[in-house]
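Trainee: Got a structure here, written out as structure tokens. Questions coming.
Computed from the coordinates by the stated procedures, all read-outs in this text should not be read as laboratory data. Values in this document were obtained by computation on a predicted structure and should not be read as measured data. Virtual Cβ from ideal backbone geometry, glycine too; neighbours counted across all protein chains shown.
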Amino acid sequence: MHLVFGVGSKELVNAALYALAQRAAAAAPTPANAPSAAVWAAKPYYDGYVEASSYFQTRLFAWRNADVPPEPSGDRPVIEMVTSPNNPDGTMREAQVTPSEHSYTVYDHVYFWPHFAPMTGPVTDHVSNRSVALFSLSKLTGHASTRIGWAVCRSAEVAALMRHFVLLNTLHVPRESQLRAAAALEHVVATKGQLLSYARSLMLSRWERLQACFKGSAGFELQALDPAAKDGFTEQEDYAPSPAYAWVKQLDGGDAAASLHAAGVVGRPGAAYGAGVDFVRLELLMREQTFGVMLEKLRRMHGHAA
């Protein structure tokens, strides 16, 4: 395995697309006229993938907006973005594109940490010579401004191409950021994951309160979570997921983001994630006092006592 570090996972998304598209172009029957790769993700998807696929206006790859997985071929290779746990709905996902010599996968695992999902096994076993797995310090310890992300690659060629992209884009990851990240990770190890245990307890508590708030609501529906699973972090048999976001549906088909905004709750519209206006994503990674204010407004909206 090879590690590639970047300025946050966002840079590594771009680097992975660049590297895998280069691999696809080199494998084309006529590399000089190789077709661009289609970048695809199942809906609802993280909106940053659309931006990353469109911003550079490169001939190497382009976003493919489709409800069903595109079929990879020599005329159109496919790079699938698999976010697991998913942003925005927290579901555990697997690749949907048909495996072939023309299909490539980016596994975005920035939320695959013990305080968001059960640790069901090594998360890099599925990484092949045509795939990359991405991680981020920001979702592990909360050090978002440190801007450290890392990619795990099995292919030395893919790793080298990703490092080349980082070199062209930002030259390298700042040493100060590396030292801060190392200090944070050393603390997690030295305290045997106390930070993660605390974060897990907090997220479970928030989901219990949130589910109680939406229970019986006639107007809105909170996403159903994946079943509890055996957890390798604490060796519990039945740890339930506690995602970073709430994915809320307005049952009458109305504008969910507008409805919640009218109640004083700001969320991101579902259209940003390839879903309809009847969905909205609510942030759950906030100070406890702020979460309490949001919960109180949601209770009032549902007609519950504060």
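Trainee: I need the calculated FRET efficiency for the pair residue 100 and residue 51, taking r as the beta carbon distance and R₀ as 35 Å, to the nearest 0.05.
Mentor: It comes to 0.80.
Trainee: Moving on to the next point. Sorting check: for 242-250, 214-222, 182-190, which peptide has the highest mean count of neighbouring beta carbons within 10 Å, and how do the rest follow?
Mentor: Going by the mean number of other Cβ atoms within 10 Å, highest first, we get 242-250, 214-222, 182-190.
Trainee: Which FRET efficiency, nearest 0.05, do residue 71 and residue 268 yield, Cβ-Cβ r, R0 30 Å?
Mentor: My answer for the efficiency is 0.45.
Trainee: Next question, about the same structure. Under 5 Å between amide H atoms, partner at least 5 residues away or on a different chain: which partners does residue 108 have, H built in plane at 1.01 Å?
Mentor: Under 5 Å from the amide H of residue 108: 82, 83, 84, 134.
Trainee: Going by how many other Cβ atoms sit within 10 Å of their own, how do 80, 296 line up, fewest first?
Mentor: Fewest to most other Cβ atoms nearby, the residues stand as 296, 80.
Trainee: Here's a follow-up. Please report the antiparallel percentage of the DSSP beta bridges confined to the chain, to the nearest 5.
Mentor: 60
Trainee: Shifting gears a bit: Could you line up 124, 191 from fewest to most neighbouring Cβ atoms inside 10 Å? Let's see the in-between values first.
Mentor: On the way: 124 15, 191 12.
With the fewest neighbours first, 124, 191 line up as 191, 124.
Trainee: Give me 79, 148 sorted ascending by neighbouring Cβ count inside 10 Å, so fewest comes first.
Mentor: On the way: 79 30, 148 26.
Going from sparsest to densest Cβ surroundings: 148, 79.
Trainee: Using only Cα atoms, find the angle between the long axis of helix 194-214 and the longest principal axis of the chain, and express it within 0 to 90 degrees, rounded to the nearest 10.
Mentor: Approximately 60 degrees, to the nearest 10.
Trainee: Then there is this: Roughly speaking, what % of Cα-Cα pairs in region 2-187 are separated by over 19 Å, rounded to a whole number? Kindly include the intermediate steps, with their values, before the conclusion.
Mentor: Working: 9758 of 17205 pairs.
So the pairs more than 19 Å apart make up 57 percent of the total in region 2-187.
Trainee: Something else: Kindly count the pairs of lysines across the chain whose alpha carbons are less than 19 Å apart, treating pairs on different chains or eight or more residues apart as eligible.
Mentor: Numbers: 10/139; 43/249; 139/192; 215/249; 215/297; 249/297.
For the chain, qualifying lysine pairs total 6.
Trainee: Let me ask another. For every other residue with a beta carbon closer than 12 angstrom to the beta carbon of residue 252, add +1 if it is Lys or Arg and -1 if Asp or Glu, then tell me the sum.
Mentor: Details: positive: 249; negative: 221, 255, 278.
The answer is -2.
Trainee: Across region 143-156, in residue order, what do the Karplus-derived ³J(HN,Hα) couplings come to in whole Hz, using 6.51 cos²θ - 1.76 cosθ + 1.60 with θ = phi - 60° and x for Gly and Pro?
Mentor: 7, 5, 6, 5, 6, 10, x, 9, 10, 10, 10, 8, 8, 5
Trainee: Okay, moving on. Any chance you could check the Cα centroid distance between region 66-129 and region 197-262 for me, in angstrom?
Mentor: When both Cα centres are located, 22 Å separates them.
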